[in-house]
Every structure is written in structure tokens, then in C-alpha cells.
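The values are calculated or read from the model by the stated rules, or taken from the named source; none is laboratory data. All values reported here derive from a predicted model rather than from experimental measurement. Here the Cβ positions follow ideal geometry from the backbone for every residue, glycine too, while neighbour counts run over all protein chains shown.
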Amino acid sequence: MVVVMQEGAGEKQIQGVIDRLTSLGFDIHRSTGVRHTLLGAVGGDKTGVDPRDLELLDGVHEVIRISTPYKLAGRTFSPQNTIVSVGGVPIGGKNVPLLAGPCSVESEDQMEAIASALAAEGVKLLRGGAFKPRTSPYSFQGLGEAGLKIMRQVADRHGMKVVSEVMDHTEIPMMLNYVDMFQVGARNMQNYILLKELGKVTRPILLKRGPSATIEELLLSAEYILSGGNRDVVLCERGIRTFENYTRNTLDVSAIPVIHKLSHLPIVADPSHGTGLRDKVAPMARASLAAGADGLMIEVHHQPEKALSDGAQALTLPMFQKLMKELRLIAVAVEREVQ
């Protein structure tokens, strides 16, 4: 980091800041300009110093952080793009997989009808919630482990892999028997106990951006998982909360190229939660693919009008089939392939 001293700061003030930085483990490189003295602080990244604390020191004008706080998620030490394999299905390379399925598992007949149609379109990643975090405690909360068993059986019949949300770190051992990829929902993006435990498993993680989270906060959440030893992390842009209330959220398509610049981790877009409106999902899915998304997470239901959760944002099977054709055309233009 660089500490910029106030114009006219005295030698006593400058030395006081140098002494403080030295005590924190930094090596100091001093540069005296025409108006300001600059103190380059190097080597103290491991101390977890908050730059705001240093700005309170006598004579300090501002503190500029040079390096990013997300060492493992950033490109500084991992310049090459990471490709995460979900049971043999790559995310992050030339292929753009779809993670598709209903919001929640409701029955075996429901999952069979949806999975068979998705598999016919080449979809290899089946998504569905067995544990549902709902705003209202009276809403459908999911089937729990019974739902995971249904997903696993249906997915195996169609050669698909299972992606499902984990709500609590105590559920991880049980879910390891059923899922190929853990999903961390937006509400749990900063559940650091859960993230630390997921850092210990050898299973890919899909980490969703929180509704009010900055891109840096998303990458720092990924850092929790990566620092635990699990390097198979896929980020997910699912919309953020803004002042606009026509759509459920505001899908931040610009976050896709920004994250690609900052991080080596692949990023998936979720236009279903990003809009909350069935007729807006396809346009935003097309836009996300054009912006460089490494995957798309789409909610699909064979009877969305009867869905127990989020039916308003689920595509019908004919709508999904049409979207697949459109995505394949766009993929050619951006030198990708949709599967």
C-alpha cells in the first residue's frame, strides 16, 4: 500500500507513521515529492491491516491499497483461467454448460418429466433445491434428503450431474452422498462458517453473489473456500437489489467481464433469479452468454403454473427448447459452444 502524507507534514509525523508501519511488519520505501511525502509499505499483507486505521494517524492524507485482498481468487498468482470439472462436465472452458431444472424438487414424476426433456437438449447438469430458504416461514421449504434421493436417482437415469443448495454446514456430510456440486445461495454468501467447511470438501462449489454484495465481497467469499484447500469454485451472478422494482433483481451483466478481468474463476449467470419474470429470462440469458458467461443457470418446469416455488420465473419446456437454439447461434459468434 502507499501512504500519502498531508502537504506540509512534519518529520515527526512522518516518522510516527513509519514506526507504526514497521511495527506491523512492513518494509518502508520513502519518496519525497514536491507537495507530498509518499511511504510505500511492502510485505505486510499477512497482517490484515485495515487502511482506514492508518488514515487516522497524525499527518496522513490518504492510504491507497495497491494489491487486492483476494490473493487466491485474483489473477496475480493464477493468471490462467480455471476450469472446474463437475463430474466430468467442465465449466470455464470453450463449452458453456447449462445448469437447468426446477427451483425445488417436488416429486419423482416432476423431476423425471423435466430431466428427460433437458437431457434430450444435451443438458448435463441438473439443478434443483431440496432445502429452500424462503422469505416466509410458511412457504414450501423443500423435501430435504428425500428430495436429494429423487434428484440423484433421476439424474443417474439420464447421465446427469446433480447441483443443489446447501443451507448449513451440518448438512454437508449427508449431501455428499447425493450431489456433484454444492450451491451456496445468495443469502449464505457471507455465511463464513459454511464457506470454511466447504473449503474442506473435494467437491465443486457454486457460489452465488449476495443481493447487496459488491464484486469484491463476492471474491472475498470465494477466498474463504479457496483458502480452505478447495480450489473448485464457480462464481454466480444472480442479480443484485437496486431501486428498480419491476424485476425481482437487477441482473448485473457487466459483472461478468469485470470478474473475468479480476479473477481466474469461472462465472455463471442466473437470469431466472436475476429477473424473476419468465419472459425476461431468455433475453438476459442471451445477453449473459454474449458478455462471456461460462455457464447459465436456468429454472425450468414442465408445469410452472403448479410449481411450489418460483413458478413465475421458470421457463416452460418449449420455451427452454427455443432458448437452446438461440444460445447455440450466439455461441458461434463468441467462439463458444453451448451444451
Residues located in the stretch 140-175, provided they are assigned to a loop (DSSP other than H, G, I, E, B) and exposed (fewer than 14 other Cβ atoms within 10 Å of the Cβ): 159, 168
Odd one out for residue 131 among (1) farther than 22 Å from residue 205 by Cα; (2) in a loop (DSSP other than H, G, I, E, B): (1)
Residue match in the stretch 60-73 (condition: under 30 Å from residue 278 (Cα atoms), part of a loop (DSSP other than H, G, I, E, B) and among the aromatic types (Phe, Trp, Tyr)): no
The stretch 187-246 - residue that is among the aromatic types (Phe, Trp, Tyr) and not in a helix (DSSP H, G or I) and, of those, nearest to residue 260 (Cα to Cα): 243
Of all residues making up the stretch 109-134, the number that are of a type outside the set (Asp, Glu), surrounded by fewer than 21 Cβ atoms within 10 Å (Cβ to Cβ) and at pLDDT 95 or above: 6
The listed residue being in contact (Cβ under 8 Å) with a residue 40 or more places away in the chain, aliphatic (A, V, I, L, M), within 20 Å of residue 128 (Cα to Cα) and touching a Leu at 6+ places or on another chain (Cβ under 8 Å), out of 268, 184: 268
The stretch 13-38, subset basic (Lys, Arg) and not in a strand (DSSP E or B), residue surrounded by the fewest Cβ atoms within 10 Å (Cβ to Cβ): 35
Hits in the stretch 197-226 - residues which are in contact with a helix residue (DSSP H, G or I) (Cβ under 6 Å, 6 or more places away or on another chain) and of a type in the set (Lys, Arg): 208, 209
